[in-house]
Structure formats: structure tokens, C-alpha cells
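The values are calculated or read from the model by the stated rules, or taken from the named source; none is laboratory data. Keep in mind that what you see is a predicted model, and the values were worked out from it rather than measured. In this analysis, Cβ positions are derived from the backbone assuming ideal geometry, glycine residues included, and neighbour counts consider all displayed protein chains. For accessibility, only protein heavy atoms count, side chains too; no ligands or nucleic acids. Shrake-Rupley method; radii C 1.70, N 1.55, O 1.52, S 1.80 Å.
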Amino acid sequence: MKVIVIDDEPLARSLLKKYLSEIEGIEIVGEYENGFEGLKGIAKLKPDLIFLDIQMPKLNGFEMLELLDELPHVIFVTAYDQYAVKAFERNAIDYLLKPFSPDRLNASINKVKELTGKPTEMPELKEFIREHEEQEETIDRIAVKTGTKIKIIYNDEVEYLEAQDDYVMIYTSEGKYLKQKTMKFFETHLPAQSFIRVHRSYIVRIDFVSQIELYEKDSYIIKLKNNQTIPVSKAGYNRLRNALNF
């Protein structure tokens with residue numbers, strides 16, 4: 001079984017590798033300290049299994065998995081509390097709660113060996129990732145895949161978002177990026193003091209709005225600082241009035 005370890009803590013990686021080296025039939029083919037390098041390693045080495053830390057800087061474990069075209073088998077390595085662990089158990093996702101013992105590691109490996117089918121055919125992993133994202137109160141960045149590269153878009157770089165069927169187009173001064181998410185997700189998770197949904201198809205960054213114009217009777221548009229115009233629904237207009245106090 002080809003294994004990759006992805007964890008930003010050197011001591012955690014060393015201990016995990018030590019335990020894995022004592023298990024027959026395991027080959028450690030790579031180790032990485034962040035999600036960016038982990039993505040490259042997975043694409044190159046095609047592991048059967050990855051041990052993945054969740055709380056990593058720049059790109060956390062869930063953001064990394066979301067950007068993969070094909071999911072490998074995953075054992076999460078986490079310091080999450082018991083409340084979060086219940087989510088793992090409910091979705092039949094295996095995890096190692098730090099600190100863990102060699103016996104607990106062996107049990108996780110055996111569980112993976114018993115799995116049938118490819119990970120991409122196992123909906124519980126994707127459902128678990130979705131549930132975790134829904135629990136997040138606010139986001140401060142959006143990770144998107146553009147070609148072979150990963151782009152991190154911070155909130156203050158976002159100008160506006162537009163619905164595109166099952167995707168959302170994110171517009172910045174550098175270009176536009178497609179993300180497989182819903183407008184509802186961004187409406188709920190982008191900070192309300194900075195972003196507002198002005199139309200069922202549009203969310204704008206409030207401080208990027210230049211002016212609000214009457215388009216026709218009881219209908220408005222907003223002009224952004226890049227001169228782009230966005231339609232405003234009646235509900236969106238009321239939200240703007242509340243946000244801007246006019």
C-alpha cells in the first residue's frame with residue numbers, strides 16, 4: 001500500500017512514519033508539510049492512502065481534498081475535540097486523534113484494507129467535507145484550481161460573485177475563477193459586514209460598490225468601481241439600504 005503523509009508538524013510526521021515503518025505491507029512514498037505540496041505529491045505518486053492533517057496554514061486538509069479530481073483513501077490526523085470527532089464517526093470516515101498509539105494506527109490501516117471500491121465512489125467522504133464546510137462560521141479566503149495551479153483568493157481581492165449553474169464565478173482584478181459551490185454557501189459564509197447578496201445571481205463586496213442607480217420604476221442597478229453594472233432585486237435593494245444606512 002503506497003502511503004503519503006501530509007502534516008505541517010515535523011514531529012507529528014516523524015512519529016507517524018516511525019509507526020508506519022513497523023507495519024508490513026506499507027510503503028511511505030512521500031511526506032509533505034502543506035496542502036500545496038501534498039496536491040503535487042498526490043498527482044505525481046498516485047498513493048493508495050494519505051494521512052492528512054486538517055488544521056494546516058495556507059491550505060487546510062478540507063480545502064486540499066476539495067481541489068482533487070480523484071480522491072484517494074484518507075485517514076485524517078486531527079487534534080479536534082470530541083464534538084468534531086462525532087462527525088467523523090457519523091460519516092464512517094476514519095481518523096487518528098492526536099496523540100494516538102501504534103495499535104490505533106493499525107486499526108485504521110485494517111479498516112482501509114477492508115474497504116471495497118474506489119474512494120471516488122464513496123459519497124461519505126465528500127459529504128463529510130461538505131458538512132465540515134457548512135459548520136464554518138465565516139471564510140477569509142477561497143481556494144480555486146486554475147489549470148495545474150492553486151489560487152488562493154482572499155476576501156479583500158474579491159470584487160463580486162456570479163451564479164453559473166452549479167458553480168460560482170469569482171471576479172477579481174486579476175481575472176475570474178470558477179468554483180463548484182452554491183451562492184447560498186457564499187452568502188452564508190462570507191462575512192456579512194463585507195459582502196451582500198444583491199440579486200439571486202450576484203454577491204458584491206460592499207466597499208467595491210461605486211453607486212446605486214434607478215434603472216426603471218422600482219428597479220435598480222449598482223455600478224462597481226470597475227464600471228461593471230449589476231442588477232439589484234427588491235430584496236437586494238433593501239439589504240443595501242440596511243448595510244449602507246440610506
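Of everything in region 156-193, what is surrounded by fewer than 17 Cβ atoms within 10 Å (Cβ to Cβ) and part of a loop (DSSP other than H, G, I, E, B)? Give them in sequence order. Within region 156-193, Asp165, Asp166, Ser173, Glu174, Gln180, Thr182, Pro191, Ala192, Gln193 qualify. Filtering region 40-62 to residues that are open to solvent by less than 20 Å² (accessible area, probe 1.4 Å) and part of a helix (DSSP H, G or I) leaves Gly41, Ile42, Gly61, Phe62. Scanning region 137-155 for residues that are assigned to a loop (DSSP other than H, G, I, E, B), closer than 23 Å to Pro191 by Cα, open to solvent by 70 Å² or more (accessible area, probe 1.4 Å) and modelled with pLDDT under 90 yields a count of 2. Scanning region 227-246 for residues that are open to solvent by 70 Å² or more (accessible area, probe 1.4 Å) and assigned to a strand (DSSP E or B) yields no hits at all. Within region 67-96, the set of residues being outside any loop (DSSP other than H, G, I, E, B) and modelled with pLDDT of 85 or more comprises His73, Val74, Ile75, Phe76, Val77, Leu96.
Of the residues that make up region 175-188, is at least one over 24 Å from Glu63 (Cβ atoms) and out of contact with any strand residue (DSSP E or B) (no Cβ under 8 Å at 6 or more places or on another chain)? So that I can check it myself, show each step before the final result.
At the first step, the residues of region 175-188 found to be over 24 Å from Glu63 (Cβ atoms) are none.
Among the residues of region 175-188, not one is over 24 Å from Glu63 (Cβ atoms) and out of contact with any strand residue (DSSP E or B) (no Cβ under 8 Å at 6 or more places or on another chain), which makes the answer no.
Scanning region 5-38 for residues that are of a type in the set (A, V, I, L, M) and part of a helix (DSSP H, G or I) yields Leu11, Ala12, Leu15, Leu16, Leu20.
Remark: pairs (first residue in region 21-46, over 25 Å from Thr148 (Cβ atoms); second residue in a strand (DSSP E or B) and open to solvent by 20 Å² or more (accessible area, probe 1.4 Å); Cβ separation under 8 Å; 6+ apart in sequence or on different chains) = Ser21/Ile28; Glu27/Lys2. Sub-7 Å Cβ pairs linking a first residue in region 56-75 that is under 14 Å from Lys145 (Cβ atoms) to a second residue that is open to solvent by 10 Å² or more (accessible area, probe 1.4 Å) and assigned to a loop (DSSP other than H, G, I, E, B), at least 6 apart or interchain, are Leu59/Asn34; Leu65/Leu71, ordered by first then second residue.
Flag: Phe195 does not match the condition of being within 14 Å of Leu161 (Cα to Cα) and either charged (D, E, K, R) or out of contact with any helix residue (DSSP H, G or I) (no Cβ under 9 Å at 6 or more places or on another chain) (or both). Taken together, the residues in region 2-19 that are buried (at least 16 other Cβ atoms within 10 Å of the Cβ), in contact (Cβ under 8 Å) with a residue 24 or more places away in the chain and of a type in the set (Lys, Arg) amount to 0. For region 194-226, the set of residues classified as out of contact with any Asp or Glu (no Cβ under 9 Å at 6 or more places or on another chain), in a loop (DSSP other than H, G, I, E, B) and touching a residue at least 12 places away in the same chain (Cβ under 8 Å) consists of Arg200, Asp218, listed by residue number.
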